[in-house]
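Scroll down for the structure; my scribbles are underneath it.
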Amino acid sequence: MNGLERSLGFISGKAVDHPPFLPIVMRWAARYAGVPYRDFCLIPQAKAMAMAKVAEDFAIDWLTVMSDPYCEAEAFGLQVEYPADNLPIEKGGHLSEAEAAFDLKPYDWREHKRCCNRVEEIKAMVELSRGQHLIGGWVVGPMADCADIRGVSEAAMDLIEEPEAVRHAMGVIVESALPFALAQVEAGAHCIGIGDAFASQIGPKLYREFVFDLEKQLVEAIHAAGGLTKIHICGNISSLLPDLIKTGSDIIDIDHLVPDLSPFAPLLAEGQVFSGKADPVSIIQDGTPEQIEASVRAIHGETNGRCIVSAGCEVPPDTSVANMLAFSRAARSL
């Protein structure tokens, strides 16, 4: 059973040899493959090669375009610097005031280099995978993109002080994200991640008021195009989980900060699973192989077996090869 068969089978509730192993590897993958992080972010073939190498060497079941949150934000005018071998850095171009959101217009992904690169990354991954892996595309969700283009503190205050400006901005963000997501499905992505990290900071009331319907709209459009979806929101999202499950997303990512998934596993519909939630630092980076396996097995039990094996967020770049091998073995041991 290859990674694509395992992933699609597991999500749909079919019997598989073991749960899929879909860790989020970005800086770790670039470092392991010897690719400078600027190239990983900006050169499609470099990212695809790095992802294919780690998938081969560590029995990872997917290839994913994840690297940084700035692709769409750049299309909206954010200025970003790409150091030679470090994370991208915001350098300006944020909306100066909430009212500026009313001037925000949808972008055409075909007119922006990084958006085009993402589609090219998927095509390169499809070619390298040869049908062996789940191919994961990505769009940034409405709350996270608001935080990127307005600034984190300003976006949070706007929810209270300028709600109509926020609604307009989020509407434009999703209007732009929809064709971008569908282009990735057309290019060969089996699943589109929706990264909305900042949503964990606003609480369930504001999430329902501003975000839920838009994330659900993205999920339904991607489903209609034949793709799966994966919602990723960092932090303790326990208060959001009932609503996140109601979006209909096939995969719900779970951060290690969520203390207990056992109350939420029964809420999953047929064709829905969790992904996570091993602690990326204390367990995957700094733990022993025995601790890694114990964590994976505990999460498997906590979710009644309905959890993809992954860390709660990105595997840190200083994680040893030995620990990544242990993580992979733990997935295969279930």
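Average accessible surface for the range 50-147: 41 Å² per residue, computed with a 1.4 Å probe over protein heavy atoms with every protein chain in place. A simple charge model with +1 on the Cβ of Lys and Arg, -1 on the Cβ of Asp and Glu and nothing else charged puts the dipole of the chain at about 1040 debye relative to its Cα centre.
When you restrict to C-alpha pairs under 8 Å that are six or more residues apart and normalise by the size of the range 188-242, the relative contact order lands at 59 percent.
Magnitude of the charge dipole for the range 197-334, about its Cα centre and with charges confined to Cβ atoms of Lys, Arg (+1) and Asp, Glu (-1), is about 240 debye. For the range 1-126, the fraction of 1.4 Å probe accessible surface lying on carbon and sulfur atoms is 50 percent.
For the range 50-58, backbone phi angles converted through the Karplus equation (6.51, -1.76, 1.60; θ = phi - 60°) give residue-by-residue couplings of 4, 5, 5, 5, 5, 4, 5, 7, 10 Hz, Gly and Pro being listed as x. If each Cα of the chain is one equal point scatterer, what is log10 of I(q)/I(0) from the Debye formula at q = 0.07, 0.08, 0.10 Å⁻¹? Values, matching the q order: -0.25, -0.34, -0.54.
Normalised per residue, the accessible area of the range 173-315 is 35 Å², obtained with a 1.4 Å probe and no contribution from ligands, DNA or RNA. Note on the chain: with a GNM built from Cα contacts shorter than 10 Å, the maximum mean-square fluctuation among E215, E81, E90 falls on E81.
Please tell me which of these pairs span more than 25 angstrom C-alpha to C-alpha: K47/K216; K14/K53; K14/K230; K105/K216; K205/K230; K91/K113? Checking Cα-Cα distances, K47/K216; K14/K53 exceed 25 Å. For the chain, the relative contact order comes to 19 percent (Cα pairs under 8 Å, sequence separation of at least 6).
Counting protein heavy atoms only, the range 139-245 has 55 percent of its accessible area on carbon and sulfur, 1.4 angstrom probe. Choose one of A147, S282, W109: the residue whose Cα lies farthest towards the positive end of the charge dipole of the chain (beta-carbon charges +1 Lys, Arg; -1 Asp, Glu; about the Cα centre). It is S282.
Based on alpha-carbon atoms, the Kirkwood radius and the radius of gyration of the range 1-147 give Rg/Rh equal to 1.03. Looking at the range 13-58, the trypsin sites (Lys or Arg not before Pro) that sit in a DSSP loop and have at most 13 other Cβ atoms within 10 Å of their own Cβ are K14. Taking amide H as placed 1.01 Å from N in the peptide plane, the amide H of G193 sits under 5 Å from that of G137, W138, V139, K230, each at least 5 places away or on another chain. Counting only Cα atoms, the size of the range 110-235 along its three principal axes is 50, 28, 25 Å, in decreasing order.
Each helix, a run of at least 4 DSSP H residues, gives -39500 (n - 2.57); summed and divided by the residues of the chain, these come to -14000 deg cm²/dmol at 222 nm. From the alpha carbon centroid of the range 144-185 to that of the range 13-52 is 27 Å.
The values are calculated or read from the model by the stated rules, or taken from the named source; none is laboratory data. It should be emphasised that the depicted structure is a prediction, and the values quoted were computed from it without experimental measurement. Note: ideal-geometry Cβ built from the backbone for every residue, glycine included; neighbour counts use all protein chains shown. Just so you know, the surface numbers come from the protein's heavy atoms only, side chains and all, with ligands and any DNA or RNA stripped out. Shrake-Rupley method; radii C 1.70, N 1.55, O 1.52, S 1.80 Å.
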